[in-house]
1. List the residue pairs whose Cβ atoms are under 6 Å apart, where the first residue sits in the range 167-184 and is more than 13 Å from residue 87 (Cα to Cα) and modelled with pLDDT under 95, the second is open to solvent by less than 30 Å² (accessible area, probe 1.4 Å) and of a type in the set (Gly, Ala, Ser), and the two are 6 or more positions apart or on different chains.
2. How about the range 137-165: which of its residues are touching a residue at least 12 places away in the same chain (Cβ under 8 Å), polar (S, T, N, Q) and either open to solvent by 70 Å² or more (accessible area, probe 1.4 Å) or assigned to a loop (DSSP other than H, G, I, E, B) (or both)?
3. hydroxyl-bearing (Ser, Thr, Tyr), under 21 Å from residue 152 (Cβ atoms) and either open to solvent by 30 Å² or more (accessible area, probe 1.4 Å) or out of contact with any strand residue (DSSP E or B) (no Cβ under 9 Å at 6 or more places or on another chain) (or both) - does that describe any residue in the range 31-47?
4. Among the residues of the range 20-51, how many are among the hydrophobic types (A, V, I, L, M, F, W, C) and over 24 Å from residue 88 (Cα atoms)?
5. Determine which single condition residue 117 fails, assuming it passes every other condition in (1) farther than 25 Å from residue 22 by Cβ; (2) surrounded by 17 or more Cβ atoms within 10 Å (Cβ to Cβ).
6. Please determine, by comparing only the residues of the range 163-187 that are of a type in the set (Lys, Arg) and in contact with a helix residue (DSSP H, G or I) (Cβ under 7 Å, 6 or more places away or on another chain), which one is farthest from residue 128 (Cα to Cα).
7. In this structure, is residue 92 free of Cβ contacts under 8 Å to residues at least 24 places away in the same chain, more than 21 Å from residue 22 (Cα to Cα) and touching a Gly at 6+ places or on another chain (Cβ under 6 Å)?
8. Out of 115, 119, 12, 54, I need the residue that is under 19 Å from the mean Cα position of the chain (by Cα), closer than 29 Å to residue 138 by Cβ, assigned to a helix (DSSP H, G or I) and not acidic (Asp, Glu). Which one?
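The values are calculated or read from the model by the stated rules, or taken from the named source; none is laboratory data. All figures in this text were calculated on a predicted structure; none of them were measured in a lab. Note that each Cβ is placed from the backbone with ideal geometry, even for glycine, and that neighbours are counted across all protein chains shown. Please note that ligands, DNA and RNA were not included when accessible areas were found on the heavy atoms of the full protein model with its side chains. Shrake-Rupley method; radii C 1.70, N 1.55, O 1.52, S 1.80 Å.
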Amino acid sequence: MTSQRVKMVAAAADLIARKGVAGTSIGDVLAAADAPRGSVYHHFPRGRAEVIGAAVERGAARLDDVITQGARVSPSDAVADMTSMWRRMLTDSDFEVGSIVAAAALARDAAPNAANIAAARYVRWEQLLSVSLRAHGFDTDQALSVADTVLAALEGAVILCRARQSVEPLDRVADQLQQMVRSPAGR
């Protein structure tokens, strides 16, 4: 990947995480990447849809790495690692950055390819978490249910944090999730 393309993808990922898919224009991407207008179709022959798709892939890859590494150790580590990543991203951006994957999932009409990428990543994360949960005593149905709860709760916590300009919702949700993923007993 050329450095100009990398800059454009990074700029688009940042803009989508801050403003959503609908709020991210090619002009904004070019300005943020300090790229000339002609570079869009040179690097992205399919235009905006390709830029947005590449940006969602880039943003999703970050969380993919976090979940994969944490889930290899334990579900508790996966939750702790995801929480830590989100806490850092929220506070470093002064609560301006949200989930690029959630933004893409909500943009099915405007960016169906990006929404498909988001859907595939959510399925992948559910599977990574459920494998880890099964390895730690959860049965298959419990593991899938808890994995979905973890993903939904953390995505929701990020929205609450942005709205309240505080990491308190994330911390409270993470505490509840830690209790949930530690033991299948009583479920």
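1. 182/76
2. Passing the criteria: only 165.
3. Within the range 31-47, the first condition is being hydroxyl-bearing (Ser, Thr, Tyr), and the residues that meet it are 39, 41.
Within this subset, residues satisfying the condition of being under 21 Å from residue 152 (Cβ atoms) are none.
Looking for residues that are hydroxyl-bearing (Ser, Thr, Tyr), under 21 Å from residue 152 (Cβ atoms) and either open to solvent by 30 Å² or more (accessible area, probe 1.4 Å) or out of contact with any strand residue (DSSP E or B) (no Cβ under 9 Å at 6 or more places or on another chain) (or both), one finds none in the range 31-47, hence no.
4. So the count comes out to 9.
5. Here residue 117 meets the rest and fails (1).
6. As a first pass, look at the range 163-187 and keep what is of a type in the set (Lys, Arg): 164, 172, 182, 187.
Still in the list and also in contact with a helix residue (DSSP H, G or I) (Cβ under 7 Å, 6 or more places away or on another chain): 182, 187.
Values: 182: 16, 187: 20 Å.
Checking each candidate, the answer is 187.
7. Working: free of Cβ contacts under 8 Å to residues at least 24 places away in the same chain: yes; more than 21 Å from residue 22 (Cα to Cα): yes; touching a Gly at 6+ places or on another chain (Cβ under 6 Å): no.
When the stated conditions are applied, residue 92 does not pass them.
8. Details: 115 fails: closer than 29 Å to residue 138 by Cβ; 12 fails: closer than 29 Å to residue 138 by Cβ; 54 fails: closer than 29 Å to residue 138 by Cβ.
Criteria check complete, one pass: 119.
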